[in-house]
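Heads up, the thing below is written out as structure tokens.
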Amino acid sequence: MNLRFIHRNLKARFRDQRQEIKALLAHIRPGDTVVDCGANKGSYVWTLGRAAGKTGQIVAFEPQRELAAYLRDMVQSCGLHNVRIEEKGISDHAGTMQLMIPGGGTSPGASLEQSILQREDCAAYPVEVVSLDGYFAARTRKITAIKIDVEGHEFAVLKGAQHILEQDAPLLVFECEQRHLAGATVPEILAWLQARGYDGWFIRRGALRPVAEFRSELHQRQSGERFWDAPDYCNNFIMQKP
């Protein structure tokens, strides 16, 4: 058992992603299937694995090869037999895409979006990508929840899961920032989800606020150095069907 890995999960649950994980744990029951898109170092994996129980399943996607290998080791060392690590990216199609990694090595900012090259120097290599609808086409159990942290590629992830959203109505927990997006805006993505029956909240100063109150110019103001660290900067959303 790796205590550092477990500590990372506890820190996420009780401090850094408190509202997101609270919503997931309120929604997940033993035996459920949960998807983690962009697992990175696995801050949700241990918690989700325990919530779904021995009869459930967590499928965690992480295209960075070093991190996928790390996650496989952590899952094995922690005895999380209900967690499957997939070294794949998630998009709206199946194939191969270039994964851009700021600074080389590994990074929580790795993205499938070419627009990242306008902001940062990146290493890049090809990775396999799948859509959630395609990957889970033969599923026999519905998907209960999907967590998405893909640095600007979230609209493609959602578009590639339209059948799942319609048929299974999973809880969605996702990060979405205008500074990472190309070809869409945060309000457009929220409106796209609302048109499909979803509603929910964004997180402001650790509290939930209705999505209807979200304003990009106010809640994702891009002014000042490291504006994304400002107390009123909001980039995390929780949405579900009533």
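Nothing in this text is a laboratory measurement; each read-out follows from the coordinates by a stated rule. As the structure is a computational prediction, the values presented were derived from the model and not from experiment. Glycine also receives a Cβ, built like all others from the backbone with ideal geometry; neighbour counts cover every protein chain displayed.
The figures follow:
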| quantity | calculated |
| --- | --- |
| Cβ-placed point charges (K, R +1; D, E -1), dipole of the chain about Cα centre in debye, nearest 20 | 1040 debye |
| Förster-model FRET efficiency, 25 Å R0, residue 15 and residue 137, C-beta, rounded to 0.05 | 0.10 |
| Overall form of the chain per C-alpha gyration tensor (a/c, 1.5; a/b vs b/c) | rounded |
| For the stretch 1-117: span of alpha carbons on each principal axis (Å, largest first) | 40, 29, 28 |
| Point-charge dipole on Cβ atoms (K/R +1, D/E -1) for the stretch 43-172, about Cα centre, debye to 20 | 620 debye |
| Cα shape, the stretch 86-169, gyration tensor, a/c 1.5 rule | prolate |
| The stretch 90-135 and the stretch 23-43: distance between their alpha carbon centers, rounded to Å | 22 Å |
